[in-house]
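See structure below.
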Amino acid sequence: MKKIGIIKAMKLCRDYEKMDSGEREALRRQRLEELVAHARENSPYYRELYRDLPENVSLTDLPVTDKRTLTDNWNQWVCDRELKLEEVEAFLEDTDNIGRWLKKKYLVFTTSGSTGTPLIAVYDKSANNVMGGIAACRSYARKEDLKAFLKRGKKSIGVFADEGFYLGNSSIRSRLRSMPWKKKQMAVSSALYPIPRIVEQLNKFQPDMLGGYPSNLELLIEEAQAGRLKISPVIIMTGGEYLSDALREKLAETFHCYVQTSYSCTEGGTVACECRQKHFHINDDWLIVEPVDGAGNPVPDGVRAEKLYLTNLYNYAQPYIRYEVTDRVILHREPCPCGNPAPWLELEGRTDDVTTFAEGEKTVRIAPMPLYAVLKEVHGLRRFQVLVHPGNRLELRLEEKEGIDREARFREAKEALERFLATQGVSHVAVTLSEDRPCQNPNSGKFKHIINLQKKENI
């Protein structure tokens, strides 16, 4: 793929929207063929994987890939022979590198690990510009919200975990590093901060656009209703978690603005953008989505898939071709009233929810993402789970890396959780080490880091 700047990326996105169905299909086929040819030539992993395949193949002729296999072959997977996992891991050890370019070529992201071991992803400048082009052209469901945002001053702030190499955080940090004058228009408030501190930051910044994890934004509703949070955004954009209809309505009523979300992942960027009908239209000029059942067989339109295969057509540094993603979706191809001809998805919600701690006569509510972010920084852990029991009891399931002392990692994790909870006003909590190891849900196959057992339906 030729180098793509941000202006070119935006033009490509807009040009695609003007194409007829035949032109769209031809462009997707061309981009797939070029990606596969590039992977065959530059990735030893794909060269071997496709060794017995003819030169001209259709999408379904290509083998499926998955995170575990690709991660195990990381050095052979990437297309830059000078890029080594050991060097990237060393880069990730220093959080000051968030938003910095590795080798002046790549932004480095890590997945949240919501389905197990986190994955390390690299995107070159062209791939990052494509993501930026999609965001610039398609992120707003309603034109009137975009116009209001631009008219008000373009001030945006996100409330999310800001100490990790996550897609959103790293992207914003990168923009602020390259354009420091944007600091008056763009900011981040850590989801790890106590709610009063977040409220203070938001009141001072007065955002026109408020973003964040739904579970964190939910905690701000009470602050606004009590008169402590005094902001009037023109739009709220959520991400990173499922946004329920009930919470969407509560946020809209509380802040008197439109609320929308999107479907993103580190491996694919923004996979689908929400329209005013609340349909998630696939950015199918840059991504291919194949819904399948548990055995990997295609499912008909309108039927829930157990997982999907994702092909990222713009990441040439680290190709994702028919990459297995364990999200449950329903694909629709019937026309959408919004006029967007791209197929659209229904998404199944995640079940992590806000946990409650009692401190004397006071109740403290904490979203799941901050608990995850705290433990994510404990080195030496391969995986972890937190079981939240009634009575301020936390049970930790830990899987340490080879050669790592299990008890030492538990003590570090316990101390980290206690320190964090203390900042939230929770000083009485019992943290114990489980004999069980982290495990997937036996029914869904999904992995949850935070399991809330405070509600009867979750027990």
Restrict the check to segment 339-357 and report whether at least one residue is buried (at least 16 other Cβ atoms within 10 Å of the Cβ), modelled with pLDDT of 95 or more and not in a loop (DSSP other than H, G, I, E, B).
yes
How many of the residues making up segment 404-430 are closer than 17 Å to residue 357 by Cβ and charged (D, E, K, R)?
3
Could you list, in sequence order, the residues of segment 64-79 that are without any contact (Cβ under 8 Å) to a residue 24 or more places away in the chain and within 14 Å of residue 317 (Cα to Cα)?
75
Within segment 74-100, track down each residue that is part of a loop (DSSP other than H, G, I, E, B) and either under 20 Å from the mean Cα position of the chain (by Cα) or under 16 Å from residue 322 (Cα atoms) (or both).
78, 98, 99, 100
Regarding residue 242, is this residue within 17 Å of the chain's Cα centre (by Cα) and at pLDDT below 90?
yes
Which number in (1) modelled with pLDDT of 95 or more; (2) among the charged types (D, E, K, R); (3) under 27 Å from residue 123 (Cβ atoms); (4) in a loop (DSSP other than H, G, I, E, B) marks the one condition that residue 290 misses?
(4)
Confirm whether residue 244 is hydroxyl-bearing (Ser, Thr, Tyr), in contact (Cβ under 8 Å) with a residue 12 or more places away in the chain and closer than 30 Å to residue 24 by Cα.
no
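Among the listed residues 322, 333, 328, identify the single one that is modelled with pLDDT under 95, assigned by TED's automatic domain parsing to the domain that holds residue 108 and of a type in the set (Lys, Arg).
328
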When you scan segment 34-47, do you find a residue that is outside any helix (DSSP H, G or I) and surrounded by fewer than 14 Cβ atoms within 10 Å (Cβ to Cβ), even just one?
no
Restricted to segment 177-195 and to residues being surrounded by fewer than 17 Cβ atoms within 10 Å (Cβ to Cβ) and among the hydrophobic types (A, V, I, L, M, F, W, C), the residue farthest from residue 127 (Cα to Cα) is 181
I want to confirm something. Restricting to segment 391-418 and keeping residues that are among the basic types (Lys, Arg) and more than 16 Å from residue 379 (Cβ to Cβ), which single residue is surrounded by the fewest Cβ atoms within 10 Å (Cβ to Cβ)?
393
Checked pairs for segment 176-190, first in contact (Cβ under 8 Å) with a residue 12 or more places away in the chain and over 16 Å from residue 98 (Cβ atoms), second of a type in the set (A, V, I, L, M) and part of a strand (DSSP E or B), C-beta under 9 Å and 6 or more apart or across chains, list as none
Can you tell me which residue within segment 223-232, out of those that are touching a residue at least 12 places away in the same chain (Cβ under 8 Å) and out of contact with any helix residue (DSSP H, G or I) (no Cβ under 6 Å at 6 or more places or on another chain), is nearest to residue 257 (Cα to Cα)?
232
Check whether at least one residue in segment 173-187 is aliphatic (A, V, I, L, M), within 19 Å of residue 131 (Cα to Cα) and under 18 Å from the mean Cα position of the chain (by Cα), and report yes or no.
no
Could you figure out which of (1) touching a residue at least 12 places away in the same chain (Cβ under 8 Å); (2) surrounded by fewer than 16 Cβ atoms within 10 Å (Cβ to Cβ); (3) on the phi < 0 side of the Ramachandran plot isn't true of residue 214?
(2)
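Tally up the residues in segment 253-278 that are part of a strand (DSSP E or B) and closer than 15 Å to residue 140 by Cα, please.
Going through segment 253-278 one residue at a time, the tally reaches 11.
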What are the pairs with Cβ atoms under 7 angstrom where one residue, in segment 20-35, is more than 11 Å from residue 285 (Cβ to Cβ) and the other, located anywhere, is part of a helix (DSSP H, G or I)? Sequence gap at least six, or different chains.
32/59
Could you please find all residues in segment 187-204 being part of a strand (DSSP E or B) and touching a Leu at 6+ places or on another chain (Cβ under 9 Å)?
187, 188, 189
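The values are calculated or read from the model by the stated rules, or taken from the named source; none is laboratory data. Predicted, not measured: the structure shown is a model, and the values here were computed from it. As a convention, Cβ positions derive from the backbone with ideal geometry for all residues, glycine included, and neighbour counts pool all protein chains shown.
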